[in-house]
Amino acid sequence: MSKLWRVVIVGGGFGGLRAAQALRSELVDVTLIDRRNYHLFQPLLYQVATGSLSPGQISAPLRSVLSRQKNTRVLLGSVEDVAPDAKQVHLADGAVLPYDSLIVATGSQTSYFGHDEWQEWAPGLKSVEEATTIRHKILCAFEVAERISDPVQRHAWLTFVIVGAGPTGVELAGAIGEIARQTLKDDFRSICPEEAQIILLNGASRVLMPFPEDLAEKATRALAKLDVTVKCGAMVKDINKEGLTIEVDKHLDRIEARTVIWAGGTAASSLGRILACRTNAETDKGGRVKVKPDLTIPNYPDIYVIGDLASAVNADGKPLPSLAQVAMQGGIYAATAILRKVNDQPKLPPFHYSDKGSLAVIGRWAAVANAFGAHLSGLVAWIVWAFIHLTYIVTFQNRLLVFIQWAIQDLTFSRGARLITGAAPTDLNFNEEVAVNCSAQVVKAETVVVPH
């Protein structure tokens, strides 16, 4: 070929990064665009949110990861439009990038099912910023409760509600249970952290719906050992500063909780809607772009959509799950298909997802795993979970750091990233109560008789 084949990849997550790495060839010129300058290992975000790991331990700069790949450049930017007929990508800063092949892997975002106003009181868990916000809320809740004497207010601050009982919700609930029962049990003087109430809500009939029923039951029992209350068949009707309203069996119930975390659903990123509009592609109810068996958009064979943004089905017609494995395999497939086209080789057969199973960790040495058809639980499942997660962390340095941190935590229950960043909580009732407590302490101090 007289010129290099220009490949633009939008998104540096699991799918986009794996595609870029697979396009190591002198025949292609690769440009990877992302709004962040780092690759984030999202499956471990909940450990940042619960103080087990720091953000830098599950992130890696994209330029560093791809520094040895001389045919690839990384751009920090946000794609706001795509011109498929002109084969151009438009960035928010006005830059226009031409392409011969385009891979779109912008993933998903938190969905509040039409109630975006709930985000203020119930943050999701899709970014480092959201993870640190949740960590702030969890740790501040214990700090505020330490200074409140009113039992009703104290109970509200020590009530933690997680909405959604998929892997993220289950892992969050288990981690908060360990924080309350083990990590903080000796840190406070006015409260007993182990009295915290952790509630896991799910609209479905059980937790971990994608998992086999026997593993879901084992996960529920493991959560019960951490004093996590599981409420299934519960639909959220409202969330505000003081807590949330749920509907169970057609009856409304109010839960007073100052810490609510949303793990209830995802939707495709906003670029999916723009791409579908420009290509007249269909989308599913979650906004994901429906793709052909080769992961391309109908009538646009040079646009590949992979990962959580793609609505793809397997050979049985069942939708592919929103998992890192699906994104990574899709990234490799798209890259291979492009290289075959560049080399005038026969086309690849339709994309086939090799299901390696599902994993969820509940707590210290407790997990469930559906791996290659085998149903595992307990310590064995936890070892499988730990090994797989360590394997897929991008850099060796981070693998080593995470391994050491996990070893320390499992031996001592210590969580080394329990930092409260940002402003301290400002609640009117809390401040009034503190003022009363402080005044009482001053009066008491003034009436003390010091013996001579």
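The values are calculated or read from the model by the stated rules, or taken from the named source; none is laboratory data. Keep in mind that what you see is a predicted model, and the values were worked out from it rather than measured. Cβ sites come from the backbone with ideal geometry, for glycine too, and all protein chains shown count toward neighbours.
Restricting to the stretch 201-253, and then to whatever is basic (Lys, Arg) and in a helix (DSSP H, G or I), can you tell me which residue is surrounded by the most Cβ atoms within 10 Å (Cβ to Cβ)? Looking at residues that are basic (Lys, Arg) and in a helix (DSSP H, G or I), I get LYS218.
When the residues of the stretch 119-160 are filtered to those that are out of contact with any Leu (no Cβ under 9 Å at 6 or more places or on another chain) and polar (S, T, N, Q), the one that is surrounded by the most Cβ atoms within 10 Å (Cβ to Cβ) is THR159.
For the stretch 90-102, filtering for residues that are out of contact with any Asp or Glu (no Cβ under 8 Å at 6 or more places or on another chain) and either exposed (fewer than 15 other Cβ atoms within 10 Å of the Cβ) or of a type in the set (Val, Ile, Thr) (or both) leaves 5.
Looking at the stretch 116-150 only, could you name the residues that are among the aliphatic types (A, V, I, L, M), in a loop (DSSP other than H, G, I, E, B) and within 17 Å of the chain's Cα centre (by Cα)? Spell out the reasoning first.
Quick first cut of the stretch 116-150, residues among the aliphatic types (A, V, I, L, M) only: 122, 125, 128, 131, 134, 138-139, 141, 144-145, 148.
Imposing the further condition that a residue be in a loop (DSSP other than H, G, I, E, B) reduces the set to 122, 125, 148.
Correct list: ALA122, LEU125.
Being within 30 Å of VAL230 (Cβ to Cβ), in contact (Cβ under 8 Å) with a residue 12 or more places away in the chain and of a type in the set (A, V, I, L, M) is true for just one of ILE255, ILE306. Which residue is that? Before the answer, list the steps.
On the way: ILE306 fails: within 30 Å of VAL230 (Cβ to Cβ).
Just a single option satisfies the conditions, and that option is ILE255.
GLY107 falls short on exactly one of the conditions (1) at negative phi; (2) buried (at least 23 other Cβ atoms within 10 Å of the Cβ), and that condition is (1).
Using the structure shown, decide if VAL161 is outside any helix (DSSP H, G or I), within 15 Å of ALA49 (Cα to Cα) and either in contact (Cβ under 8 Å) with a residue 60 or more places away in the chain or over 17 Å from the mean Cα position of the chain (by Cα) (or both). Spell out the reasoning first.
Values: outside any helix (DSSP H, G or I): yes; within 15 Å of ALA49 (Cα to Cα): yes; either in contact (Cβ under 8 Å) with a residue 60 or more places away in the chain or over 17 Å from the mean Cα position of the chain (by Cα) (or both): yes.
Yes, satisfied.
Taking the stretch 1-71 and the strands (runs of 3 or more DSSP E) fully enclosed by it, no element has 2 or more residues that are over 29 Å from ASP81 (Cβ atoms) and modelled with pLDDT of 95 or more.
Within the stretch 271-316, the set of residues being of a type in the set (Val, Ile, Thr) and part of a helix (DSSP H, G or I) comprises ILE274, THR279. The combined condition, being under 21 Å from ILE176 (Cα atoms), modelled with pLDDT of 90 or more and outside the structural domain of ILE198 (by TED's automatic domain parsing), is fulfilled by ALA381. Within the stretch 178-195, the residues that satisfy the criterion of being under 15 Å from ILE362 (Cα atoms) and either basic (Lys, Arg) or in contact with a strand residue (DSSP E or B) (Cβ under 8 Å, 6 or more places away or on another chain) (or both) are GLU178, ALA180, ARG181. In the set VAL326, VAL260, VAL305, VAL289, only one residue is at pLDDT 95 or above and closer than 30 Å to ILE148 by Cα; that residue is VAL260. The one condition from (1) more than 16 Å from GLY107 (Cα to Cα); (2) touching a helix residue (DSSP H, G or I) at 6+ places or on another chain (Cβ under 8 Å); (3) among the hydrophobic types (A, V, I, L, M, F, W, C) that LEU4 does not meet is (2).
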